[in-house]
Every structure is written in structure tokens, then in C-alpha cells.
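Working notes for the structure below.
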Amino acid sequence: QVQLVESGGGLVQAGDSLRLSCAASGRAFSNYAMGWFRQAPGKEREFVAAISWSSMWLYYADSVKGRFTISRDNAKNTGYLQMNSLKPEDTAVYYCAADSLTTQVRGKSPAYWGPGTQVTVSS
């Protein structure tokens, strides 16, 4: 199995940037696709971004395209989500996820989830 832990969340002002990290356990992380989801208070969890195991394919939700960048460093067993030009509507708990199939981290029920990290954007 895979264990994931997010970090890097916090309170920032609108227009600021923040980078989230997702640390994975096990050397097999390099064989898994990785994704990011978020859930705002009273809202359903939504897809944010995904990346294939080799970083060849990148996917973004329309709401974050052009502002967020997903990346990974398989040698460090870590995934990242760089968030720029943050808006108050980006406020949510952000979760990283992993699965053996890239399609599964594009909203098709990933197999593994982290506990989440809070991102709050004030105006």
C-alpha cells in the first residue's frame, strides 16, 4: 500500500503563492500517478490536477489552469502543487492522491489519499 502526507498549507492573501508537497512512502511511488483534489466547506470534493508516473502527462481543472502547476520528484518520493495568483475561492482542504492508473487520479476514484492540508486565502 501507499501512504501519503500533504504539507505546505496555510493562510495567505489573495494574489499570493503557495506550494503544497505530498510525501509518499515506499520506493514504488515512482510507478504511481499522482493527483490533487480539494474540498471547500459545504462543497463536494473536486479534481484540481493530475500527473502521470513519468510526468509526461499533466491535467488541470479549468478553474486552476494557468495558475497552478503540478510536478513530482520520484527520486524524493514527493509530489508538488505550485499555486500562484491565489483567490479566495481557492480556500479549501487540499488532498493528494495516488493510483497505478493516471485516469484514476483524474476523478475516477484514486486508490490512495492523504489526510489533507488546509489552504485559506483572504481578500
**Q.** Residues located in region 45-66, provided they are of a type outside the set (D, E) and part of a loop (DSSP other than H, G, I, E, B)
**A.** R45, S52, W53, S54, S55, M56, W57, A61, S63, V64, K65, G66
Q: Could you check how many residues of region 60-88 are without any contact (Cβ under 8 Å) to a residue 60 or more places away in the chain, touching a Ser or Thr at 6+ places or on another chain (Cβ under 8 Å) and of a type outside the set (G, A, S)?
A: 5
Q | Whichever residue in region 45-65 is of a type outside the set (D, E) and farther than 17 Å from K108 by Cβ and, among such residues, is least open to solvent (accessible area, probe 1.4 Å) | A | V64
Q: Taking S122 as the residue in question, decide whether it is of a type in the set (S, T, N, Q) and over 18 Å from E6 (Cβ atoms).
A: yes
Q.
Taking the criterion of being more than 18 Å from S21 (Cα to Cα), exposed (fewer than 15 other Cβ atoms within 10 Å of the Cβ) and at pLDDT 95 or above, would at least one residue in region 88-97 satisfy it?
A. yes
Q: Could you list all residues from region 4-44 that are in a loop (DSSP other than H, G, I, E, B) and surrounded by fewer than 16 Cβ atoms within 10 Å (Cβ to Cβ)?
A: A14, G15, D16, S17, S25, G26, A40, P41, G42, K43, E44
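The values are calculated or read from the model by the stated rules, or taken from the named source; none is laboratory data. None of these values were measured; they are calculated from a predicted model. As a convention, Cβ positions derive from the backbone with ideal geometry for all residues, glycine included, and neighbour counts pool all protein chains shown. Quick note on the areas: whole protein, heavy atoms, side chains included, nothing else; ligands and nucleic acids left out. Shrake-Rupley method; radii C 1.70, N 1.55, O 1.52, S 1.80 Å.
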